[in-house]
1. Quick check on this structure: which one of K175, K121, K129 is surrounded by 16 or more Cβ atoms within 10 Å (Cβ to Cβ), away from the ligand (no atom under 13 Å from the Cβ), part of a helix (DSSP H, G or I) and at pLDDT 95 or above?
2. Show me the helices (runs of 4 or more DSSP H) entirely contained within region 198-285 in which 3 or more residues are assigned by TED's automatic domain parsing to the domain that holds A307, more than 23 Å from Q176 (Cα to Cα) and without any contact (Cβ under 8 Å) to a residue 60 or more places away in the chain.
3. Taking the condition within 19 Å of L179 (Cα to Cα), within 14 Å of the ligand (Cβ to nearest atom) and at pLDDT 95 or above, does L315 pass?
4. Inside region 132-164, can you point out the residues that are among the small types (G, A, S), more than 16 Å from the ligand (Cβ to nearest atom) and in contact with a Ser or Thr (Cβ under 9 Å, 6 or more places away or on another chain)?
5. Using beta carbons and a limit of 7 Å, which pairs, at least six apart or on different chains, have the first residue in region 311-333 and in the same structural domain as A149 (by TED's automatic domain parsing) and surrounded by 14 or more Cβ atoms within 10 Å (Cβ to Cβ) and the second one not in a helix (DSSP H, G or I) and not hydroxyl-bearing (S, T, Y)?
6. Could you check, for region 179-197, whether at least one of its residues is more than 16 Å from the ligand (Cβ to nearest atom), over 23 Å from the mean Cα position of the chain (by Cα) and of a type in the set (A, V, I, L, M, F, W, C)?
7. Please state which one of L139, L144 is touching a Cys at 6+ places or on another chain (Cβ under 7 Å) and in contact (Cβ under 8 Å) with a residue 12 or more places away in the chain.
8. Can you find, within region 286-310, the residue that is surrounded by the most Cβ atoms within 10 Å (Cβ to Cβ) among those that are outside any loop (DSSP other than H, G, I, E, B) and away from the ligand (no atom under 12 Å from the Cβ)?
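The values are calculated or read from the model by the stated rules, or taken from the named source; none is laboratory data. In this text the structure is predicted, and so the values were computed from the model without any measurement. All Cβ positions, even for glycine, are placed from backbone atoms using ideal geometry, and neighbour counts span all protein chains on display.
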Amino acid sequence: MMEERHADSQNTVVEDQDTWHELAIMDPVDKPHLVHKDSEDQEALLLNGAKHPEHRPLLVSFALEEFEFPSSVCLEEMPLFPQWHLPLKLMAILMALTFLYTFTRDVLQPFVSQSRSDFYKIPILVMNKTLPWTAISLLALVYLPGLLAALLQLHRGTKYSSFPGWLERWMSMRKQLGLLAFFLAALHAIYSLCYPMRRSYRYKLLNWAYQQVQRNQEDSWVADDVWRMEIYVSLGIMGLGLLALLAISSLPSISDALNWREFTWMQRSLGYAALVLCTAHALVYGWRKWVEPKHYVWYTPPSFILASLLPATVLLVKAVLLLPCLDRRLGQIRRGWESPRPPRGRGVTEKDSL
Ligand code: HEM
């Protein structure tokens, strides 16, 4: 590495930008006190960072307050997670809609119909339906654009035509959607695991025990319910495990170490496996509830049905595309084959650019 370090008793002087990067990932305790050659160089380095945010020299000096930066650095002019704006907005909209739906069914309905105050459900129980519903929808939205692109290519009979702008934009934000899905699913797992810790749950358990004694019932074991829970929790854990692998493999340091085949295998095969497991988890959680009229509060279906609709549709379309006749044709198209009479009116791009 092209660098030179001069150590004196007090400070270490660093003369090359690579070294700053190297030091940035060192443990803070091991990090030598950094003093750049002269303050002009340091300002130049920071300005360079402002122009090229990927260099992140700020990590090194760990400047947090505005007065710690050179006056020429204007933080407001630097981009703030531009690729995350749309995925975050989408997540917020989905969360708001799912929250309203669950709130209406689980809190408002008992309050209006039976004057029962179930508002205590909002922080955990309502949230723990909103989070997984949004997570599984975002996960399905990661795989839907790829399927739409495949359908478009089958219809056009060529891969040498540009996708509509909205589809390209959607495809470019799949990583963010997947990471947000993982984040919400992890929160959902933590919320779920703390169910038995809640005071409301303990009171309910005591009440159920008392009612059981009153009924003179010795054993309250329901095998059906036991199996349902063992299976859906296990599926959820496996789904979350795969999502964690996918999230790790999307880190630049990991994905750079994989070749294209390994990366697409992980993101595609493990991604679909995670979607299958999570959808199965939601469906097994629902078990027979979808045929029991009492779960259709105010004529609305239980949330797990709506949560499973989008991922189930994505999996169904994927299964259809895996049919040998379609799979073979898609494979040919993706290797460069073109239909003799492609549909007219498509925007054709440079062959080599795809
Ligand atoms: C450690 C992993 C997981 C555990 C322990 C877990 C546990 C649970 C529990 C206890 C419920 C029932 C919630 C309730 O009573 O309202 C549930 C429902 C659900 N979970 Fe998970 N889960 C896990 C992972 C996941 C993952 C990775 C996803 C998908 C991204 C997911 C999606 C769902 C969905 C869609 C529901 C149905 C929610 C509804 O009623 O609308 N879960 N899960």
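1. From the options K175, K121, K129, the qualifying one is K175.
2. Answer list for region 198-285: 199-214, 223-249.
3. no
4. Within region 132-164, G157, S161, S162 qualify.
5. I333/G157; I333/K159
6. No, the conditions are met nowhere in region 179-197.
7. L139
8. V297
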